[in-house]
Amino acid sequence: MILEDNDCRKRLELADHGILGTVHERRGVDLVPVCFAVIDDIVGIPVDLVKAKSSTRLQREANLRVDGRATLLVENWSSTDWSALWWVRSTLVFDERVADRERSQIKDLLSERYAQYADQPFSGLLCFRLVSLSGWKAGG
């Protein structure tokens, strides 16, 4: 069953993680799990200092500088109850010009949502404009 935009939006805002898809210029789609926050039509994805990384210069950032299109997929899966299945796909465009005030609000929301981010250990914040939403859920 197709989800209406407002239902997609609610599910996106309540999801605690998702899969970000960016486009690598040679190998195609790059997918990575991410946490995120949504304020108005801005989706913020932190580049954090909490999880181990070989560098804070991530491939997804390089991808976005070449092709600013991205997708964020959130979903609910149950191997035992397929009536609970749903997914929401967000079409995004990378936007480095998001205002400092909005960036600050997103960082605050991230620190509220995730205990690991209470002290805002971010080396950066990737911001996107939400272009469109689509979604599906099982049953009626």
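The values are calculated or read from the model by the stated rules, or taken from the named source; none is laboratory data. The shown structure was predicted, so the numbers you read here are calculated from the model rather than taken from an experiment. Heads up, the Cβs are rebuilt from the backbone with ideal geometry, glycines too, and the neighbour counts pull from every protein chain shown.
The table below lists the values:
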| read-out | value |
| --- | --- |
| Any hit, segment 123-134, residues being modelled with pLDDT under 95 and under 19 Å from residue 19 (Cα atoms) | yes |
| Failed item, numbered, when residue 7 is tested on (1) farther than 14 Å from residue 128 by Cα; (2) touching a Phe, Trp or Tyr at 6+ places or on another chain (Cβ under 8 Å); (3) touching a residue at least 60 places away in the same chain (Cβ under 8 Å) | (2) |
| Answer residue from segment 80-104, given it is among the polar types (S, T, N, Q) and touching a residue at least 40 places away in the same chain (Cβ under 8 Å) and is farthest from residue 127 (Cα to Cα) among those | 83 |
| Out of 14, 31, sole residue that is loosely packed, with under 15 Cβ neighbours inside 10 Å, over 15 Å from residue 91 (Cα atoms) and not polar (S, T, N, Q) | 14 |
| Residue check for residue 63: modelled with pLDDT of 95 or more, in contact with a His (Cβ under 9 Å, 6 or more places away or on another chain) and not aliphatic (A, V, I, L, M) | yes |
| Selected residue (only one of 83, 90 is buried (at least 17 other Cβ atoms within 10 Å of the Cβ), touching a Gly at 6+ places or on another chain (Cβ under 9 Å) and of a type in the set (S, T, N, Q)) | 90 |
| Filter pass, residue 110 being in contact with a Gly (Cβ under 9 Å, 6 or more places away or on another chain), surrounded by 18 or more Cβ atoms within 10 Å (Cβ to Cβ) and outside any strand (DSSP E or B) | yes |
